[in-house]
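Report on the structure given below.
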Amino acid sequence: MTVKDGAAHIKSLRDGREVYLDGKPVEDVTTHPAFRNAVASAARLYDFQADPANRDLMTFESPTSKGTRVNRAWLKAGSYDDLVSRRKAMTAWAEQHYGFMGRSPDHVASAVTGQVIGLDVFERHGAKYAKAYDEYHAYARDNDLFLTYVIINPQANRAKAWGEQTGEDMTLHIVDEDTTGVTVRGAKMLGTSSIMANEVFVANLQPLKPDEERFAISFAMPMATKGMKVLSRKSFEAAAVSAFDNPISTHFDENDALVYFDDVKVPWDRIFVFKDPDMCRAQFHDTPGHVYQNYQSQVRLVVKLKFMLGVARRIAETIGTIAIPSVVETLGWMASEVSVVEGMLHGMESNGVQRGQYFSPRPSQLYAAQIYTQDLYPRFVHEIRELAGGSLIMLPSSEADFDNPELAKVIEKTQISSREGETAQDRVKFLKLAWDILGSEYAGRHTQYEMFYAGARFVTCGHSFRTFGWDECNDLLESALSSYGSKRDPGKGDPGAKAGGESAAAE
Ligand SMILES: Cc1cc2nc3c(=O)[nH]c(=O)nc-3n(C[C@H](O)[C@H](O)[C@H](O)COP(=O)(O)OP(=O)(O)OC[C@H]3O[C@@H](n4cnc5c(N)ncnc54)[C@H](O)[C@@H]3O)c2cc1C
C-alpha cells in the first residue's frame, strides 16, 4: 500500500511556482524563512497519515487506484458511519495544528468531493463538464493532492456589480477561447495555503448576474501554471522571533494570498463550469459541496475552541484567579459553549440527509453552527483577554533576555506562577503562547478568518434562511390559525380552541 507522506509533498512544491513576498519572487517555498515551517507542518500531516499506526484512521483505499490509500476527506460518504469516519480523520489532523490551519488539505478535498457527489448537477450543465470534473476528482484523490481554492472575487466597490467595477482586469474573467481551452485574466481572493498547495480550484461562490457570463467559470490548475502569480500577504512566520516566543505563528502560519491570473490558459479537461452564472451557484448549493467544505471547518473549529479553552483555564491557574466565582462563571460559560458547538456538529451528522447513495450533514444545522461560531470566536478571544489582564504583555522582549544573567535574575523574581512547581520560564513560555493566539498580528488574522472565511454574516444568515425547514414552522402556525375564528366567522370557535374549530366552552 502506498500513502502520500511529508517528503513526497515537500518534493512536489519545488515546481517553479510564482510566489511573491516583499516585492521579490520566492525561489523555493520549502526553504524560504517566510514559509518553510508552515510547509513542514503541512508535510507532517502527510507523515501522520502515512504512519502505519494512523493509516486506517486517516486513509481509505482508492476505488480506482488499487494499492493506494488516500486521505478520508476524499471519501464520498455513503452513510452516517462513513461521515463519522471522515470526521475522525479530520479531527486527528486538526489536533496536529490545534485547529490553526483552516485550509489544511482536507478542506478543499471536502469541497470538491461534495460537489462531485452531485455530479448529476454538472450533467445538466453538460456531459463534457461532468466527465472532466469526475476525472479531475479521481486524479486529485488518487494523487492525494493538496488543493487550495479561490472562490471569492477581490472586494473593491461593494456598491457595484462585478461587471461594473472600474478595474477591467480586477476580477478573473474569460478573455479568449479556442479548441484547446480558455484563457482567463484577473484576480481572485484569498488563496489561503496557496503557497504550499499543489493546485488551485477556481469558482464563483458569490452570486453573479445572469448577464455576467464572462466571470462564470470554474476550473482547477497546478500552482506552477504559467501566468499564475501568488501575491502573499505579510508573513507572520517571517516576523516570528522564535518557537519559544511565537510557538503557534512560527509553525502554523498557513498564509493567505491574492492569486492573479495573467492570461492563464486552461485546457477544456480542467473546466467544470463555463459561461453559466446559475451553474456557478448550483455547483456549491445544488450539490453537497458547500456543506462538505464548511462541515470540515466546523470539525476543525471544535479542536481550536478546545485548545483556546485550555489556554483560558491555564491563564486563570497561572495568575491565581481560578477560585474567584466570577472567573469560574466565565470558564463555565466558555466550556458550555464548546459543548454546544460540539453538540451541533454531532447533531448535523445524526440528522444528516441521504442524497441518492450519498450521505451528508444537515445543511440548516451546519449553517446554524457557522453563524453561531463566527460570532462566538471573537467573543472567546475577548473573554480570554479579559481573564488575562496585563500578564500577556508583562513579558520579556524575547527568549534572549534569559541569556543575560542580570535580566534572568529579574525575570526569576518577577514572573511568578501560582501553578505548583512552575518556574519563571514556564510562566513566560505559556503566556507567550497565549499572546501569540490572542493578541499578536497572527491572532488578529485568525479572528478575521473565523469571522469571514465562510462569508460575512449577511451571507451565512442567507444560507440559513435558504435551507431551514420553514414548512414545519408554517404547519404549526397554520394549525393554530385554523383552530379558531372570529365571532363574525360562522362555524369557527373561540380563540385558543383546538383544531376543529369548537372551543371547550362551546362544547
Ligand atoms: C483570513 C481570510 C482567509 C480567507 N481565505 C479564503 C480562501 O482561501 N479562499 C477564498 O476564496 N476566500 C477566502 N477568504 C475570503 C472570504 O471568503 C471573504 O472575505 C468573505 O466571503 C467575505 O467577503 P469580503 O471579504 O469581500 O467581505 P464583504 O462581503 O464585502 O463584507 C464586508 C462587510 O461589508 C458588509 N457588506 C458587504 N456587502 C453587503 C451587503 N450586500 N449587505 C449587507 N452587508 C454587506 C458585510 O456585512 C461586512 O461587514 C478569506 C478571508 C479571510 C479574511
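The values are calculated or read from the model by the stated rules, or taken from the named source; none is laboratory data. In this text the structure is predicted, and so the values were computed from the model without any measurement. So basically every Cβ, Gly included, is an ideal-geometry build from the backbone, and we count neighbours across all protein chains shown.
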| request: Just need a number here: residues in the range 456-498 that are at pLDDT below 95 and either within 16 Å of the ligand (Cβ to nearest atom) or surrounded by 13 or more Cβ atoms within 10 Å (Cβ to Cβ) (or both). | output: 8
| query | Can you tell me which of A34, A42 is assigned to a helix (DSSP H, G or I), crowded, with 19+ Cβ neighbours inside 10 Å and under 23 Å from the mean Cα position of the chain (by Cα)? | reply | A42
| task | Filter the strands (runs of 3 or more DSSP E) completely within the range 265-360 down to those with at least 2 residues that are under 22 Å from the mean Cα position of the chain (by Cα), touching a residue at least 24 places away in the same chain (Cβ under 8 Å) and more than 19 Å from L438 (Cβ to Cβ). | result | 358-360
| Among the candidates Y133, Y139, Y80, Y149, residue that is within 20 Å of A197 (Cα to Cα), modelled with pLDDT of 95 or more and surrounded by fewer than 17 Cβ atoms within 10 Å (Cβ to Cβ) | Y139
| strands (runs of 3 or more DSSP E) contained entirely in the range 180-262, each with at least 1 residues that are free of Cβ contacts under 8 Å to residues at least 60 places away in the same chain | 199-202, 217-222
| message | For the structure I just gave you, tell me whether P210 is more than 13 Å from the ligand (Cβ to nearest atom) and of a type outside the set (F, W, Y). | response | yes
| query | Out of A203, A240, which single residue is surrounded by 16 or more Cβ atoms within 10 Å (Cβ to Cβ) and touching a Cys at 6+ places or on another chain (Cβ under 9 Å)? | reply | A203
| field | Selection from the range 123-160 of residues that are within 16 Å of the ligand (Cβ to nearest atom) and outside any loop (DSSP other than H, G, I, E, B) | value | L147, T148, Y149, V150, I152
| task | Quick one: count up the residues across the range 419-469 that are small (G, A, S) and closer than 20 Å to L376 by Cβ. | result | 9
| Filtered residues of the range 220-257 (kept if touching a helix residue (DSSP H, G or I) at 6+ places or on another chain (Cβ under 9 Å) and on the phi > 0 side of the Ramachandran plot) | N255
| request: Look at the range 54-82 and say how many of its residues are of a type outside the set (S, T, N, Q) and within 16 Å of V116 (Cβ to Cβ). | output: 11
| message | Could you go through the range 414-426 and let me know if any residue there is in contact (Cβ under 8 Å) with a residue 60 or more places away in the chain and part of a helix (DSSP H, G or I). | response | no
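For (1) surrounded by fewer than 24 Cβ atoms within 10 Å (Cβ to Cβ); (2) free of Cβ contacts under 8 Å to residues at least 60 places away in the same chain; (3) not in a helix (DSSP H, G or I), each residue gets a yes or a no:
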| position | (1), (2), (3) |
| --- | --- |
| R87 | yes, no, no |
| M90 | no, no, no |
| E95 | yes, no, no |
| G102 | yes, no, yes |
| H107 | no, no, no |
| V112 | no, no, no |
| Q115 | no, no, no |
| V121 | yes, no, no |
